[in-house]
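Undergrad: Sharing a structure with you now.
Read-outs: derived from the displayed coordinates by stated rules, not from any lab. Since this is a predicted model, take the numbers as computed values, not measurements. Here the Cβ positions follow ideal geometry from the backbone for every residue, glycine too, while neighbour counts run over all protein chains shown.
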Amino acid sequence: MDLKEWPILRCAIRSHIYSIQYHDMLKPLRLLIWLGLVLATTCAVIVMIGRMSPDEPASPSRQLRVGYAIEAPYAFRDIGGGLHGESVDVLRAALRRLGRPEPIWIHAEFPTLLHELRMGRIDVIAAGLFVTPARAAQVAFTRPTAAVQPALLVGLGNPEQLHALQDLVVRPRLRLAVIDRSVEAGQALEAGMPDERLLRLPDAAGGLDAVRSGRAAAFMLSAPALQWALAQPGTPAGELARPFSPPTGSSLGLPALAMRRGDPLRDQIDQVLATYVGSQEHLELVRQYGFRESEIAPVRGTHPPGDPATNAEAER
């Protein structure tokens, strides 16, 4: 067929060829535009992250973002979904006195809380986080709100007759459950427990299940947390080892609220806690979570870690 005899068809074919060539020419241009948009978006995100300094104080003009991990009786959800606990309600009491509204509560796994705080994704940790020198070097703690002993959960009847960490250390077949990055995990390692025999778990529920299922011979956690767990309805995961000798050289666990270093909110909340902790109102609040006055008395009148008064007391 001679296309010269079909001018319309010839024009259509030429138009189609030109269209293909035109689109082929546009492909590199489209790619450059797409890459430019990606680069611009990336730069914008980097600038935003740079402006949101991890150590930026919490602004008084916005709701606080409070991180918590599920570990009763410090922080837990009730049947209706309400958030309660010693750390949670102590923070609420302090914020009310400062005229602050109910904060935004953000759940996180316990091992990630410090990272979330330092990255600026939360402003406060209210999760029964114990004060330690390593943690105090990263964040700013308030004064402690309690002083608690560690305890050991064992199987019903304590079949392995465990009454101290050394009873586990000397028996290679036994494993100990701990919450990952917890004070108890560090105490177990210091007592000589090999790391490979620690069953590191993200929360207390996992530790209870480990003892119930036999995956671990025991679970070490603070006494209030284990006492609370055993008091709940249902089949008990085990029982407390009695007597239990705390690890040699260990001190009382000191739960406190934590904020970013340099955040003035820490001092504001701490000033409230100075008169609130140990008051009748405070004792009535924490009694419902199983805390005894003997666990509050040691911290009445104490100061935050790093406070000049704390350092002076330590030197005496």
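Undergrad: Once amide H atoms are built 1.01 Å from N in the peptide plane, which residues 5 or more positions from Ala164, or in another chain, come under 5 Å H to H?
TA: Counting only residues 5 or more places away or on other chains, the set is Ser245.
Undergrad: Counting other C-beta atoms within 10 Å, which of Asp195, Asp209 has the fewest, and how do the rest follow?
TA: Ordered from fewest to most neighbouring Cβ atoms within 10 Å, Asp195, Asp209 come out as Asp195, Asp209.
Undergrad: Please arrange Asp267, Asp167, Asp123 by how many other C-beta atoms lie within 10 Å of their C-beta, fewest to most.
TA: Going from sparsest to densest Cβ surroundings: Asp267, Asp167, Asp123.
Undergrad: Related question: Give me the compactness ratio for region 150-240, meaning the Cα radius of gyration over 2.2 N^0.38 Å.
TA: 0.96
Undergrad: Kindly put Glu295, Glu102 in sequence by how many other C-beta atoms sit within 10 Å of each C-beta, fewest to most.
TA: Glu102, Glu295
Undergrad: Roughly how many whole Å is it from the C-alpha centroid of region 205-248 to that of region 187-202?
TA: Using only Cα atoms to place each centre, the spacing works out to 16 Å.
Undergrad: Turning to a different aspect of this structure: Mind jotting down the distance between the C-alpha centroids of region 93-141 and region 257-271, whole Å?
TA: 10 Å
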